[in-house]
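Visitor: Sharing a structure with you now.
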Amino acid sequence: MAELSHRALRELIDGFGGCDAYFSEMISAGALLAGGPFEAWYIDGGPRPEKLVYQLVGADSQRIVRAAALLDRLECAGIDLNMGCSAPMIRKTGAGVAWMASIDRAGELAAQVRRAVKRRLSVKLRAGFQEDFDYLVRFCRRLEAEGVEFITLHPRTAGEKFRRSARWDYVGALRRELGIPVAGNGDIASAAELCRRAAGPCDAVMAGRAAARRPWIFAHARALETQGPAYPPRANFHAGQVNLEETGPRFLELLARHQPPEFHLSRARRFFSFFCDNLKWGNYLKNLLNREENLAGIERVWRGYFAEHGEEALLNF
Ligand SMILES: Cc1cc2nc3c(=O)[nH]c(=O)nc-3n(C[C@H](O)[C@H](O)[C@H](O)COP(=O)(O)O)c2cc1C
């Protein structure tokens, strides 16, 4: 996720026990090839390069192929093509979900990238431009025929943003139509929901925003799984405890270490706007944090909140 799934967040998640696979932020193929000033940060594969899937975004197939070949030489778990981003500034350039407009164009790209890389090749996409399941199946079958090894489906149409809930029935239905694994993504809000979706008809579940909101979500899910079918979790279930107060400064420390100074403020704001959702007065705190102009100010305001609301510092799960 752009501005979110950088090394600092991955380190934080890993500190809670990690997850099976991480996706990088989307990496612009053009900027990577041009040797942009921040590319070294985008391709930093830590803390678990062997679990990291690099995601590429772009509109020019030749550039994407060359960028994929470059990433293929780094230690990683795979290369993913972004065919799902519907942000207007991405889509209007012909990148992201714009690839879904043409099965041939997308299929040719997949074939070319397939020839250029040895790593596992995957594609992340949306349901399409409208609700047309047959088109989605034809689109994905072509990707499969060209050597794509798994699909992550965020089952919303290009124009939907987060307005309606994700169509999880598409995930199972698509999986039945393909010979390759399908990961489902969309609206995972809790560890219990992660477990419930993982037990359903899909091969993997991707958590997006919830991983920033609750970086311990994967640890919590593992704890629930070992407890058996205890969904929702039992009231007296204290498999883990999260120190919310300390997690904020811990993230800031990781940010300072693993991101360039130019990114510190924007990434801190992005993260805390999710992380504050764990707190009773989180919206109020978000506003205060957004007024701060540096990490030290953010930490001061954060600590100040817990000085008044000490009862919220620890979270049991
Ligand atoms: C801030 C933000 C940045 C995102 N950046 C990316 C991205 O770079 N690549 C991508 O495939 N999806 C990106 N997404 C979409 C998520 O991967 C995911 O598909 C979507 O948020 C739905 O999943 P969720 O409900 O678990 O968050 C982004 C979402 C958000 C909120």
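The values are calculated or read from the model by the stated rules, or taken from the named source; none is laboratory data. In this text the structure is predicted, and so the values were computed from the model without any measurement. With ideal geometry, Cβ positions are generated from the backbone for all residues, glycine too; neighbour counts draw on all protein chains shown.
Visitor: Of everything in region 38-67 that's within 19 Å of Pro261 (Cα to Cα) and in contact (Cβ under 8 Å) with a residue 12 or more places away in the chain, which residue is nearest to the ligand (Cβ to nearest atom)?
Guide: That would be Tyr42.
Visitor: Now for a separate question. If Arg115 satisfies every condition in (1) in contact with a strand residue (DSSP E or B) (Cβ under 9 Å, 6 or more places away or on another chain); (2) under 23 Å from Val53 (Cα atoms) but one, which is the exception?
Guide: (1)
Visitor: Scan region 72-92 for residues that are within 15 Å of the ligand (Cβ to nearest atom) and surrounded by 20 or more Cβ atoms within 10 Å (Cβ to Cβ) and jot them down.
Guide: Gly78, Ile79, Asp80, Leu81, Asn82, Met83, Gly84, Cys85, Ile90
Visitor: So which residues in region 269-299 are basic (Lys, Arg), in contact (Cβ under 8 Å) with a residue 12 or more places away in the chain and outside any helix (DSSP H, G or I)?
Guide: Lys280
Visitor: Take Asp104 and decide whether it is surrounded by fewer than 18 Cβ atoms within 10 Å (Cβ to Cβ) and either closer than 17 Å to Val148 by Cβ or within 16 Å of the ligand (Cβ to nearest atom) (or both).
Guide: Answer is yes for this residue.
Visitor: Hey, can you tell me all the residues within region 161-202 that are within 18 Å of Glu131 (Cα to Cα) and touching a residue at least 60 places away in the same chain (Cβ under 8 Å)?
Guide: Lys161, Asn185
Visitor: Let me ask something else about it. Against the condition in contact (Cβ under 8 Å) with a residue 60 or more places away in the chain, within 13 Å of the ligand (Cβ to nearest atom) and either assigned by TED's automatic domain parsing to the domain that holds Ser102 or buried (at least 19 other Cβ atoms within 10 Å of the Cβ) (or both), how does Arg7 come out, does it pass?
Guide: Taking the combined requirement at face value, the residue does not satisfy it.
Visitor: Considering each of Lys124, Lys161 in turn, give the residue that is under 23 Å from Leu56 (Cβ atoms) and either at pLDDT 95 or above or surrounded by 20 or more Cβ atoms within 10 Å (Cβ to Cβ) (or both).
Guide: Details: Lys161 fails: either at pLDDT 95 or above or surrounded by 20 or more Cβ atoms within 10 Å (Cβ to Cβ) (or both).
Checking each option against the conditions leaves just Lys124.
Visitor: Among (1) in a loop (DSSP other than H, G, I, E, B); (2) away from the ligand (no atom under 16 Å from the Cβ); (3) farther than 23 Å from Asp20 by Cβ; (4) touching a residue at least 40 places away in the same chain (Cβ under 8 Å), which single condition is Lys118 missing?
Guide: Every condition holds for Lys118 apart from (3).
Visitor: Here is a follow-up. So, in region 15-35, of the ones that are within 16 Å of the ligand (Cβ to nearest atom) and more than 14 Å from the chain's Cα centre (by Cα), which residue ends up farthest from Pro215 (Cα to Cα)? Before the answer, list the steps.
Guide: If we filter region 15-35 for residues that are within 16 Å of the ligand (Cβ to nearest atom), which is where we start, we get 19-32.
Those left that are additionally more than 14 Å from the chain's Cα centre (by Cα): 28-32.
Numbers: Ser28: 25, Ala29: 28, Gly30: 31, Ala31: 29, Leu32: 28 Å.
Residue satisfying both the conditions and the ranking: Gly30.
Visitor: Another question about this same structure. Would you confirm whether or not region 29-47 contains a residue that is assigned to a strand (DSSP E or B) and at pLDDT 95 or above? Give the derivation first.
Guide: Residues of region 29-47 that are assigned to a strand (DSSP E or B), as a first pass: none.
No, because not a single residue in region 29-47 is assigned to a strand (DSSP E or B) and at pLDDT 95 or above.
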